[in-house]
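Q: Let me begin by handing over the structure; questions about it come next.
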Amino acid sequence: MARPRASDYEEKRLMILERSAHLFASLGFDRASINMIAKACGTSKALFYHYYTDKQQLLFDLIETHLQELLIATDPTQWSGLTAQETLYSMTEALLNAYRDANAKHKVQLNHMDLLDPEQQDTIRMMERALVSRFSDAINAALPSPGSSPMLLKPLTMSLFAMLNWAYTWFKEDGPMSRADYARLAAGRIIGAPLP
């Protein structure tokens with residue numbers, strides 16, 4: 001008979017993901033050992049293996065969970081009553097807010113995805129494409145003439161992601177601009193909206 005899961009199983013799994021992300025981001029995947037992960041989590045190596053068979057499974061779960069969080073946060077149906085432009089601004093702000101405490105996870109996604117096996121990489125790429133497609137649709141709808149620039153849609157979408165994905169390198173929470181302000185600025189540049 002299978003052993004039942006503890007009531008705090010999910011809480012502990014998320015804690016392992018969070019602390020592993022910081023280790024992988026600072027030390028690299030290869031240098032962060034299972035012993036180090038267990039110590040950072042205040043658990044034993046045996047307990048680690050209750051959650052994951054190896055570091056690669058942990059790495060996949062970390063990146064997949066991060067992308068699931070981004071997809072949930074930016075689901076455009078949350079803003080169904082807004083204009084196309086306001087929906088794009090809201091999605092952009094939601095993405096920046098989801099990035100708020102996810103710098104380590106973001107770095108791991110950017111730097112270590114190639115360590116996953118091909119099937120895992122395919123799953124992650126499919127999720128990344130879904131996120132990009134969602135923003136591409138939102139940008140297209142928010143343009144002054146929706147559907148008039150199909151050749152520009154991919155460069156516009158990827159330019160927005162370039163601005164957002166690297167904001168963690170310079171954005172300061174106590175700086176002169178809020179995440180909401182920066183979301184409007186970045187998305188506004190993409191669709192040609194006037195500066196605020």
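Q: Where in the range 23-72 are there trypsin sites (Lys or Arg not before Pro) that are in a DSSP coil and have at most 14 other Cβ atoms within 10 angstrom of their Cβ?
A: Within the range 23-72, the qualifying trypsin sites (Lys or Arg not before Pro) (loop, at most 14 other Cβ atoms within 10 Å) are Arg31.
Q: What percentage of the solvent-accessible surface of the chain, computed with a 1.4 Å probe over protein heavy atoms, is contributed by carbon and sulfur atoms?
A: C and S atoms contribute 55 percent here.
Q: Give me the number: length gained by fully extending Gln78 to Arg129, i.e. 0.36 nm times residue separation minus the C-alpha to C-alpha distance, one decimal in nm.
A: Working: separation 51, 0.36 × 51 = 18.36 nm, distance 2.00 nm.
Contour length minus the Cα-Cα distance gives 16.4 nm.
Q: Would you mind getting the accessible area per residue of the chain, heavy atoms of the protein chains only, 1.4 Å probe, in Å²?
A: 56 Å²
Q: Over the range 89-196, what is the relative contact order in whole percent, taking alpha-carbon pairs under 8 Å and six or more residues apart? Present the calculation step by step, with values, prior to reporting the outcome.
A: Working: 56 pairs, mean separation 44.6, N = 108.
Contact order relative to length: 41 percent.
Q: Among 133-146, 166-179, how do they line up by average Cβ neighbours within 10 Å per residue, starting with the highest? Before the final figure, lay out the partial values.
A: Details: 133-146: 17.4, 166-179: 10.9.
Ranking, from highest mean packing down: 133-146, 166-179.
Q: Could you name the lysines whose alpha carbon sits less than 19 Å from that of Lys107, not counting residues in the same chain fewer than 8 places away?
A: Lys55, Lys172
Q: Give me the log10 of I(q) over I(0) for the range 77-163 at q = 0.13, 0.14, 0.15, 0.26 Å⁻¹, as the Debye formula computes it from C-alpha points; what are the numbers?
A: Each listed q corresponds, in turn, to -0.52, -0.59, -0.67, -1.33.
Q: Which value at 222 nm does the chain reach when only helices count, each DSSP H run of 4 or more adding -39,500 (n - 2.57), with the total divided by all residues and rounded to the nearest 500 deg cm²/dmol?
A: That comes out to -22000 deg cm²/dmol.
Q: Something else now. Run the reach check for Lys45 against aspartates and glutamates, Cα to Cα strictly under 16 Å, same-chain hits fewer than 8 apart removed. What comes back?
A: Asp54
Q: Under 8 Å for C-alpha pairs, at least 6 residues apart: give me the relative contact order for the chain, rounded to a whole percent.
A: With pairs under 8 Å counted, the relative contact order is 22 percent.
Q: Report, in cubic angstrom per residue, the convex hull volume of the C-alpha atoms of the range 1-131.
A: Output value, Cα hull per residue: 135 Å³.
Q: Here is a further query. Obtain the nm distance between the two label points defined at Asp174 and Arg100 by a simple spin-label model: each point lies 7 Å from its Cα along the Cα-to-C-beta direction.
A: 1.7 nm
The values are calculated or read from the model by the stated rules, or taken from the named source; none is laboratory data. Nothing here was measured: the structure is a model prediction, and the numbers come from that model. Every residue, glycine among them, receives a Cβ derived from its backbone with ideal geometry; neighbour counts consider all protein chains shown. What goes into the accessible areas is simple: the full protein's heavy atoms, side chains included, and nothing from ligands, DNA or RNA. Shrake-Rupley method; radii C 1.70, N 1.55, O 1.52, S 1.80 Å.
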